[in-house]
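Since the structure comes first, as structure tokens, the remarks are kept for the end.
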Amino acid sequence: MAAIDTLSRRRFLAATGALGLGALVAPNWRPALAAPNLRAALTAPVDTPARSRLILLGTAGGPTPKALRAAPAQAVVVDDAVYIVDCGNGIARQMALAGLALGAIREVFLTHHHSDHNADYGNLLLLAWAADLRRPVGTWGPPPLARMTRRFLQLNAEDIRTRIADEGRPPLAPLIRPHELRRGGVVMRDERVKVTAALVDHPPMAPAFAYRFDCPDRSIVFSGDTRPSPALVELARGADVLVHEVMYLPALERLIASEAQAGRLRLHLLDSHTTTEQVGRLATEAGVKTLVLSHFVPGGDASLTDEVWRAAVAPYFAGRLVIGRDLMEL
């Protein structure tokens with residue numbers, strides 16, 4: 001509902017002209033004796049409608065489904081184009097709940113190949129094709145992305161053949177164009193965004209990436225899964241928004257209590273993720289304006305309220321701090 005309410009508010013403001021001074025005065029009125037700088041101030045828009053939208057489609061961390069939060073996925077929307085970062089389980093339905101057309105997907109970026117980030121990579125594109133996807137989609141991520149794409153198409157070959165024959169759909173394979181990434185740098189650029197990748201530290205998964213989207217109106221960075229990483233600090237330097245994973249150490253023992261391999265899981269979490277203190281310090285070092293917490297670990301613990309997460313991070317970050325929620329729009 002947050003995404004819908006925000007969009008409705010923007011449309012109302014744009015329709016009424018409330019985003020500029022012209023809505024407050026007669027349309028032909030001009031200050032005859034105003035100095036040039038005053039005239040410019042009076043006629044310039046008070047605010048410019050944002051071209052980019054950031055929608056948190058899923059904010060849980062970890063591979064198992066959770067009642068409180070959906071699996072990791074985000075959307076950057078610029079004009080009518082949708083760019084996806086990570087494809088956790090259920091992403092297509094989360095897009096529908098957010099009011100995003102599946103056929104509007106232009107590019108898909110995977111940060112790494114843990115199942116909570118790629119489980120619905122193929123499914124998203126298959127379901128988009130079954131809906132209204134008719135243009136090619138570039139997909140970006142670590143190897144073996146190309147092999148994964150081929151095998152997914154093989155797995156669903158019968159359904160694809162049937163829908164082509166019965167529903168007149170175009171072949172799906174030519175619409176998916178995978179690009180395997182092995183190093184950082186600018187990986188994709190179009191008329192709306194420039195996307196830059198950085199290698200981050202998420203052992204044992206390598207390579208793993210963070211992504212920065214430089215949009216017409218702001219910059220948005222996604223950490224992916226990572227422990228504190230100098231490369232991520234540089235990628236996020238001066239960014240308007242940093243969406244970063246977060247782990248709450250006091251609840252860690254409750255999270256792994258039921259795991260048969262508790263010791264190994266504890267070691268992985270501590271070695272591969274970012275604590276509440278660390279994420280606050282990292283965002284401060286990078287000089288980001290807004291820090292958005294997501295990929296919560298634990299993500300299914302109802303006792304970890306927004307206030308708990310905020311209190312654990314705020315002492316280390318003085319900027320705007322947002323506790324992410326599924327379908328939140330920023």
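The values are calculated or read from the model by the stated rules, or taken from the named source; none is laboratory data. Keep in mind the model is a prediction, meaning the values are calculated, not measured. FYI the Cβ positions are ideal-geometry reconstructions off the backbone, even for glycines, and counts take in every protein chain you see. Only protein heavy atoms, including side chains, enter the accessible area calculation; ligands, DNA and RNA are left aside. Shrake-Rupley method; radii C 1.70, N 1.55, O 1.52, S 1.80 Å.
Summary of computed values
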quantity: Cα-based Rg and Dmax for the range 54-166, where Dmax is the largest Cα-Cα distance (Å); calculated: 13.6, 40
quantity: For q = 0.17, 0.31 Å⁻¹, Debye-computed log10 I/I(0) when each Cα of the range 127-172 counts as one equal scatterer; calculated: -0.55, -1.20
quantity: Distance (nanometres) between label positions extended 7 Å along Cα→Cβ at R177 and L68; calculated: 4.2 nm
quantity: Residue-span extension gain [E167 to K289] - 0.36 nm each, minus C-alpha spacing; calculated: 39.1 nm
quantity: Packing-based ranking, highest mean first, of 103-110, 81-88, 135-142, 163-170 given that Cβ atoms within 10 Å are counted; calculated: 81-88, 103-110, 135-142, 163-170
quantity: The range 181-330 - charge dipole about Cα centre, Lys and Arg +1 at Cβ, Asp and Glu -1, debye rounded to 20; calculated: 360 debye
quantity: Stokes-Einstein D for the range 275-330, Kirkwood Rh over Cα pairs, 4 °C, 1.567 mPa s (µm²/s); calculated: 111 µm²/s
quantity: Distance in nm between pseudo-label sites at A157 and A302 (7 Å out along the Cβ direction from Cα); calculated: 4.7 nm
quantity: Rg/Rh for the range 153-296, where both radii come from Cα atoms and Rh is the Kirkwood radius; calculated: 1.10
quantity: Environment charge of R192, counting only residues whose C-beta is closer than 15 Å and scoring Lys/Arg +1, Asp/Glu -1; calculated: +1
quantity: Solvent-accessible area, 1.4 Å probe, carbon plus sulfur percent, for the range 216-330; calculated: 54 percent
quantity: Ranked order, T64, T196 - accessible area, probe 1.4 Å, largest first; calculated: T64, T196
quantity: Extreme residue, positive dipole direction of the range 199-330, given options A208, G287, A311 (C-beta unit charges); calculated: G287
quantity: Local net charge near P171, Cβ-Cβ under 11 Å (Lys/Arg +1, Asp/Glu -1); calculated: +3
